[in-house]
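What follows is a single structure, written as structure tokens, with notes after it.
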Amino acid sequence: MEIKPFTTYKGKVVPLFHDNIDTDQIIPKVHLKRISKSGFGPFLFDEWRYLKNGEANPDFILNQAPYRGATILITGDNFGCGSSREHAAWALKDYGFQVIIAKSFSDIFYMNCTKNAILPIRLDDEARHQLVEAKEIVIDLPRQLIQANGNTFTFDIEETWKHKFINGLDDIAITLSYESEIKAYERAKLKE
């Protein structure tokens, strides 16, 4: 997966204000048979998005016209709880989400987002409710700001993750940045 630098991002929002959305609700275990990270998007929120006959559930927000194509999910508390399946982040990314704004995240799910180029942002209830009033919002990661409808909100992010997102880096790219040191170490070990 190619990771693109994330500095300023403008996207359409979709609210899904439920607390404790677990990874089995995000991507049910029946769909975990794939061997690659792609192809999970059609199964995102499967039990909510589709009726028993397989047709799209018109009552589920992702199936409603104003929210189609949304890339920023605004949700409740403890998002991504439950099992540690990385497939949940893969499904969100494959669907097209670039940012998830929640009151809080499960620790493992938060890490899975950062490792799969989905920016997880923690915001309080009031800020999130104001953001869903906007059709689009702008996220300025270097300045840690979110702008919508003339309002500006700040958010926190660890410097490590901020650096990775802004520079489009994953763990492999960071490791490769030490290639000369790694080779020098290997040469030294061979001489022992």
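The values are calculated or read from the model by the stated rules, or taken from the named source; none is laboratory data. None of the values given here were measured: they were computed from a predicted structure. Cβ sites come from the backbone with ideal geometry, for glycine too, and all protein chains shown count toward neighbours. Heavy atoms of the whole protein, side chains included, go into the accessibility calculation; ligands, DNA and RNA do not. Shrake-Rupley method; radii C 1.70, N 1.55, O 1.52, S 1.80 Å.
Just the number please: accessible area per residue for the chain, 1.4 Å probe, all protein chains included, in Å².
On the way: 10660 Å² over 192 residues.
Roughly 56 Å² per residue, with all protein chains present.
Mind listing which trypsin sites (Lys or Arg not before Pro) in segment 78-186 are in a DSSP loop and have 13 or fewer other Cβ atoms within 10 Å? Present the calculation step by step, with values, prior to reporting the outcome.
On the way: sites: R85, K93, K103, K115, R122, R128, K135, R143, K162, K164, K183; in loops: R85, K103, K135, R143.
Answer by residue number: K135, R143.
Loop-located GluC sites (Glu not before Pro) across segment 41-90 with a Cβ neighbour count of 14 or fewer within 10 Å are E55, with loop assigned by DSSP.
A 1.4 Å probe over all protein chains sorts L51, L92, L145, L190 by accessible area into L190, L51, L145, L92, starting with the largest.
Largest accessible area first, the residues D140, D22, D156, D125 order themselves as D156, D125, D22, D140 under a 1.4 Å probe with ligands, DNA and RNA left out. Taking amide H as placed 1.01 Å from N in the peptide plane, the amide H of I21 sits under 5 Å from that of G80, C81, each at least 5 places away or on another chain.
Accessible area, 1.4 Å probe, largest first: how do S36, S180 sort?
Working: S36 50, S180 80 Å².
Listed by decreasing accessible area, they come as S180, S36.
Expressed as a whole percentage, what fraction of the accessible surface of the chain belongs to carbon and sulfur atoms when a 1.4 Å probe is rolled over the protein heavy atoms? Could the numbers behind the result be given before it?
On the way: 5380 of 10660 Å².
About 50 percent, which is the carbon plus sulfur part of the accessible surface.
Please figure out what share of the DSSP beta bridges in segment 68-192 is antiparallel and state it in percent, rounded to the nearest 5.
45 percent
Where [x] 11.1; [y] 12.0; [z] 12.9 are the candidate values, the label of the one calculated here for mean projected area of the Cα convex hull in nm² is [z]. Taking the centroid of alpha carbons for each part, segment 145-190 and segment 58-106 are 23 Å apart.
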